[in-house]
1. Per DSSP helix of 4 or more residues, -39500 (n - 2.57); summed, then divided by the residues of the chain. What does that give at 222 nm, rounded to the nearest 500?
2. Using a 10 Å Cβ count of at most 16 others and DSSP loop calls, identify the longest part of the chain lacking such GluC sites (Glu not before Pro).
3. Return the whole-Å distance between the Cα centroid of segment 21-72 and the Cα centroid of segment 237-261.
4. Below 28 Å Cα-Cα, how many Lys pairs turn up in the chain? Only count pairs eight or more apart in sequence, or on different chains, if you could.
5. Among Leu27, Pro212, Val107, pick out the residue whose Cα is farthest towards the positive end of the charge dipole of the chain, where Lys and Arg carry +1 and Asp and Glu carry -1 on C-beta, about the Cα centre.
6. Set Lys and Arg Cβ to +1 and Asp and Glu Cβ to -1, take the dipole of the chain about its Cα centre, and tell me which of Ser11, Pro166, Ala145 lies farthest positive.
7. What number does the chain give for Rg over Rh if you use C-alpha atoms and the Kirkwood radius?
8. Treating only the Cβ of Lys, Arg, Asp and Glu as charged (+1, +1, -1, -1), what charge dipole size does the chain show about its Cα centre? Round to the nearest 20 debye.
Amino acid sequence: MLDQVEKVRHSTIQHGPSSDRVYALELNPSDLPGILDELEDLAVENGYGKLVAKGRRSDFSAFMARGYKVEARIPGFFGHDEPGLFVGKYLDADRATEEQPEKVAEVLMTAQLERTLNGLRGESNHVTADAGMDLEIREALPADADAVAKCYDSVFASYPFPIHDPGHIREAQGEGTRFFIVKDGEDLVAASSMEPGGAPGTVEMTDFATLPSHRGQGLATRLLSIMDRHAKESGLRVAYTIARALSHGMNITFARCSYEYAGTLINNTQIAGSIESMNVWYKTL
């Protein structure tokens with residue numbers, strides 16, 4: 001069963017048994033601090049194991065008073081002098097512990113090393129795909145929704161949002177999410193998206209998927225580089241992602257494109273059949 005997105009007061013939240021959490025996607029300042037108590041009541045009522053929120057640094061005391069801990073920090077997320085915080089509270093004590101901390105640390109160390117090496121080489125976007133490949137990379141149109149959804153359905157056994165549904169893809173496009181695709185001839189072989197990030201001037205780079213037949217060709221890096229350029233040209237300030245903490249590929253992709261590590265959300269998101277920790281990366285555009 002997919003988690004649902006809904007309005008509580010003037011804020012947008014996601015909750016459900018899939019990721020076993022309440023996630024405050026966008027908190028309206030006018031709702032604070034009282035909405036935090038309502039969200040905890042919702043979590044307790046449904047037996048969810050975690051609460052997570054994107055909040056302002058200026059609301060830090062309201063979160064801390066209710067037992068939240070800062071898991072990631074993005075400078076300038078809400079404006080030049082207002083960082084954004086990812087804060088979490090664990091109602092299930094076992095969920096607060098990462099089961100594979102050594103592997104999470106190794107993935108992060110590898111990605112950070114790649115970022116350092118790119119800096120030494122003077123490369124901000126290290127593209128590994130063969131420039132001679134006969135590929136078309138472009139923004140997806142509504143007419144591409146069926147192919148985009150098919151790609152996601154082939155790659156992900158499960159996902160926190162219904163990206164396997166063409167109707168959801170078209171609805172998201174209508175609400176400001178921009179999907180980008182890679183085509184090899186008539187076949188769509190990779191996709192990604194950039195969606196409103198939860199604060200004015202921000203964007204989340206997400207939904208990366210490459211078919212097994214085309215992995216190892218740097219397509220995610222090429223997609224991210226193109227989305228970075230589009231985001232900057234659109235006047236956006238900050239880009240970020242929430243990447244699977246155990247995935248070498250995605251963490252390295254963002255490190256190669258000069259994103260900085262912001263923190264780790266422990267046991268945060270159900271994806272591909274299990275709840276996983278997620279690394280937050282950000283970039284000032």
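The values are calculated or read from the model by the stated rules, or taken from the named source; none is laboratory data. Computed from a prediction, not measured in an experiment: that's the story for all the values here. Positions of Cβ are generated from backbone atoms using ideal geometry, with glycine treated the same way; all protein chains shown enter the neighbour counts. Heads up: the accessible areas ignore ligands, DNA and RNA and are worked out on the full protein's heavy atoms, side chains in. Shrake-Rupley method; radii C 1.70, N 1.55, O 1.52, S 1.80 Å.
1. -9000 deg cm²/dmol
2. Result for the longest clean stretch: 187-285.
3. So the separation of the two Cα centres works out to 25 Å.
4. 23
5. Val107
6. So the residue we want is Ser11.
7. So for the chain, dividing Rg by the Kirkwood Rh gives 0.95.
8. Roughly 800 debye for the chain.
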